[in-house]
Structure formats: C-alpha cells, structure tokens
Amino acid sequence: MQEIGDSSDRGDESGQTRWSGVIHLVVGILFFSIIAVEPVQAESAVCEADRLPEMISGFFQVTTALGIMGLVVVWQADSLAEMFTLNPEQREAIKRHKRTALKSAIILLVLGPLYTVAGSMMNLPLAECVDLVPW
C-alpha cells in the first residue's frame, strides 16, 4: 500500500512537469512563428487590395478630425465650467482635465505622421502604401 507522499508519485509528477514544459515550449514556438509571419503577409495584402489603403487613410483622417472636435468641445465646456466655479480645488481639477485633453489631442496628431516617417525609415510595407498624416 502506498502512502500519499510516496516517492513513486513524485517521479510521475516530475515526468508530467517535463512533458508539460515541452508542450508549452512547442506551442509557444508555433504561436510565435505564426505571429511573426502573419503581419508581413497581412501588410502586403493590405497594400495590394483595391482601395483599402485609401479607406484606412480616410478612417484615420476622420477619427483624427473627430478627436480634434472633441478637444474643442471639452475645452469650451471646461472653460465655461471654470468661469462659474468658485471652489479653488474644482478650478484646479478643471485645469487638469483641460491639460489631459490637450495632451490626448497632441498624441493623436503626432502618432500618424510619426508612424509614417518611422515606418518608411524601417521599410515597413504598410507605411509605404497607407498615408496616416491627417492633413
């Protein structure tokens, strides 16, 4: 009769652990190879598709325009709220909110051109066929 902590059970557990590690390694390598190869194929498919690069550029321009309009609305609403606020803590919170909205709009405006320039320097195929400059 074997006890619960018998040494023969430990040998089975370490064998299972080894096989589990090998299986995880193989699955990881397969997953990485699919992830590493798939974006290159997807980028070439995007560039070769009819009117798809123009649609991506147009979508980026529309979302950038909506983001800038959102900044204007938030800025004006915060300015209006700031005029009628007497509490200094609330005023400071409104000013922080305005700064956060401005930072978000700057990031929105910088990311597209940055990807376009950096992508063409790194020879990324998607940067060659899709124009992400919003103006």
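Can you tell me which residues in the stretch 74-93 are hydrophobic (A, V, I, L, M, F, W, C), exposed (fewer than 11 other Cβ atoms within 10 Å of the Cβ) and assigned to a helix (DSSP H, G or I)?
Correct list: MET83 only.
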The residue that is farthest from HIS97 (Cα to Cα), considering only those in the stretch 50-64 that are open to solvent by 50 Å² or more (accessible area, probe 1.4 Å) and in contact (Cβ under 8 Å) with a residue 60 or more places away in the chain, is ILE56
Tell me which residues, restricted to the stretch 101-135, are under 23 Å from VAL74 (Cβ atoms) and of a type in the set (S, T, N, Q).
SER104
Which of the following residues is over 27 Å from LEU124 (Cα atoms), open to solvent by 90 Å² or more (accessible area, probe 1.4 Å), modelled with pLDDT of 90 or more and part of a helix (DSSP H, G or I): ARG18, ARG10, ARG96?
ARG96
If the Cβ limit is 8 Å and pairs must be 6+ apart or interchain, which residue in the stretch 114-126 that is at negative phi pairs with which residue that is assigned to a loop (DSSP other than H, G, I, E, B) and not aliphatic (A, V, I, L, M)?
THR116/ASP131
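The values are calculated or read from the model by the stated rules, or taken from the named source; none is laboratory data. Since we're looking at a predicted model, the values are computed, not measured. Positions of Cβ are backbone-derived with ideal geometry, glycine not excepted, and every protein chain shown enters the neighbour counts. To get the accessible areas, we keep the full protein, side chains included, count just its heavy atoms, and leave off ligands, DNA and RNA. Shrake-Rupley method; radii C 1.70, N 1.55, O 1.52, S 1.80 Å.
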